[in-house]
1. Go through (1) at pLDDT below 95; (2) part of a loop (DSSP other than H, G, I, E, B); (3) not β-branched (Val, Ile, Thr) and name the single condition residue 62 misses.
2. Look through 23, 11 and report the one residue that is touching a His at 6+ places or on another chain (Cβ under 9 Å) and surrounded by fewer than 14 Cβ atoms within 10 Å (Cβ to Cβ).
3. Exactly one of these conditions fails for residue 17: (1) assigned to a helix (DSSP H, G or I); (2) more than 13 Å from residue 67 (Cβ to Cβ); (3) out of contact with any Leu (no Cβ under 9 Å at 6 or more places or on another chain). Give me its number.
4. Would you mind stating whether residue 36 is touching an Asp or Glu at 6+ places or on another chain (Cβ under 7 Å) and of a type in the set (Gly, Ala, Ser)?
5. Is it the case that residue 50 is assigned to a helix (DSSP H, G or I), modelled with pLDDT under 95 and not hydroxyl-bearing (Ser, Thr, Tyr)?
6. Since residue 57 meets every condition but one in (1) in contact with a Lys or Arg (Cβ under 6 Å, 6 or more places away or on another chain); (2) assigned to a helix (DSSP H, G or I), which condition does it not meet?
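The values are calculated or read from the model by the stated rules, or taken from the named source; none is laboratory data. Quick caveat: nothing in here was measured; it's all calculated off a predicted structure. So basically every Cβ, Gly included, is an ideal-geometry build from the backbone, and we count neighbours across all protein chains shown.
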Amino acid sequence: MTESVVTAAPERTVREIAELMRERNVGSVVLVDDAGPVGFVTDRDLALSVIADGRDFGDHVADHASSPVITSM
């Protein structure tokens, strides 16, 4: 089990995020920019909206992420 949250920039590619998930053994990644969290993507998102739809693995991952991220502060 991973104890820390895995984050990445929203302009990273689908392939890069899939590789990151494999390396860090996680099923989701929070997308962050300078302002904070802007979206999140799961392995299921990649399977259903990228692989099943025949999309390009070079797409920006933000195109397949759930957003906006709602936080309470």
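1. Answer for residue 62: the failing condition is (2).
2. 11
3. (3)
4. no
5. For residue 50, the condition - assigned to a helix (DSSP H, G or I), modelled with pLDDT under 95 and not hydroxyl-bearing (Ser, Thr, Tyr) - is met.
6. Failed condition: (2).
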